[in-house]
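Here's the structure we're looking at; comments come further down.
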Amino acid sequence: MPAKGKSTRSEQSVDCEPKAVRDALQAVISSEELASSPRLKQILSYIVEERLAGRGDQIKGKTIAADVYGRVLDGRNASDNIVRVEARRLRRVLDQFYEGSGRDENIRIHVDAGTYVPRFELREDTYAAANDGKEATPVAANTTSGFVRSAPPWRFATVAGVVVALIASGVLLFQQDTIPSVADPQAAVRSALMEKSPVSVQSMNLAEQARGLLFPVFDAERQRLAISLFDRAIALDPSLPDGYAGKAQALATLAFLAKDDMQSTDLMQQAASLASKARELGPTSARAHGATAWIASMSGGSDIARKHANIAVGLMPDDGYILDIDGVVAILAGDGARAAKASDPERLRLGKGRFGAPNIWGVANYMLGNYGTVIDAFETAPAAGAPVSAPSLIFLAAAHDHLGNTRAAANAVRDLRTTWPDFPVPFVLDKMFALEEYASDIYSRLEKNGYKRAHVGVADDGKS
């Protein structure tokens, strides 16, 4: 028998059990090579399960973007580029794994260049042991099945064998019923609500859509639009906490942005009342505790904010919106390290819609003095579908100035003045940072590169 990893045969084929493929998948995603890459684990798990479920021909960039990233692609947009970039990273990591700790694995998972459909190869010596050393008929290329011929030492299964095994064992039906979508961790909640009423599901879905409007934080009009949707969600089902929690968060943001103290106090009181209602309806609702943390943070109650942020993250540790709340709470408390942990690009982040994580990551790294990372974060955020707002250019300009990139800093300031000429820079910076030196340092760098003070605060009605 040939030594492991060596080949003395021509191309072989062998039936490959789905369980064996899933064992091979588990070996990869639990490996050291993928230890710090939760997004790659998601993508690999998704495409392997889709392949085994017989949907290999449906695995495309747009389906990965929708099901893994929670983004809808319309033609060729930035999300498609992200999927291609991540696929290239995945191929490199797979090569590293099979050249390193996975060199003795019996089944190898391939994601060939130009496709997102995985194929599975069986080592030749494993094939020979399973088939008493008998020769087998080579497998012809089959682009719809995903099982194609390749050079030794790896051999792979025929699609017929996989399908037969799936039907015989009932695995296909079982997997479809038991494996939740990585992009929709709330699927089980919706199924339960359907037993109550389809209107309840509609209310939950509407609240989820409204949460997608909460970032960028400093866009008051988006907050008002979100409030109208949260009001509709509450009207559809007043017994659910999500609408109250979301409206509370948006009102607290408007209070945070308001120049008039009386108006700010009134808005914050309304927000606190709604958050209390949300906690009453859902004492274990991460959304309710997240909104409470948000309100406390924006009204200066850092201890209360930290307490409820910890509860929210404990309840839903991988939820994108909860992690965004935790990140913003940390920034307002002056805790750059915690904000970076919450917004780390490699952290698993579930849910659909628009997240503020790339921008939170940029601000957190500015606080930590990692100016190159700040530039990378804000320059790549638009391609990742992250919100773009005036603060993006503010931090980009300041970070470039720190590194001596004077032309880039001046360009960012020019874009800020052109795109958001009325944005209240000093007011917002003072609101954002517990430590005054952050705000004064950033503003001085903007002035150095051509920024001129236009306003000291937002309009009296809270509009910016």
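Computed quantities for the displayed model
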item	result
Kirkwood hydrodynamic radius of segment 388-434, Cα pairs, Å	10.9 Å
Net charge over other residues, Cβ less than 13 angstrom from the Cβ of N310 (K, R count +1; D, E count -1)	+1
Separation of alpha-carbon centers, segment 206-221 and segment 335-377, rounded to whole Å	19 Å
Computed E for S101/E379 - FRET, C-beta separation, R0 45 angstrom, nearest 0.05	0.85
Chain lengthening between L368 and R417 when straightened (0.36 nm per residue, less Cα-Cα)	15.0 nm
Given K41/K341; K62/K247; K41/K247, the pairs whose alpha carbons are separated by over 27 Å	K62/K247; K41/K247
Sum of side-chain charges, L393 neighbourhood, beta-carbon under 10 Å (Lys, Arg +1; Asp, Glu -1)	+1
Per residue convex hull volume, Cα atoms of segment 215-267, in Å³	68 Å³
For L350, distant residues with modelled amide H under 5 Å away	D319, G320
Positive minus negative residues near G450 (Lys, Arg vs Asp, Glu; Cβ under 10 Å)	+3
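Read-outs throughout are calculated quantities, based only on the coordinates presented, and are distinct from any laboratory measurement. Here the structure is a predicted model, which means the values were calculated and not measured. Reconstructed Cβ throughout: ideal geometry from the backbone, glycine too, with neighbour counts over all protein chains shown.
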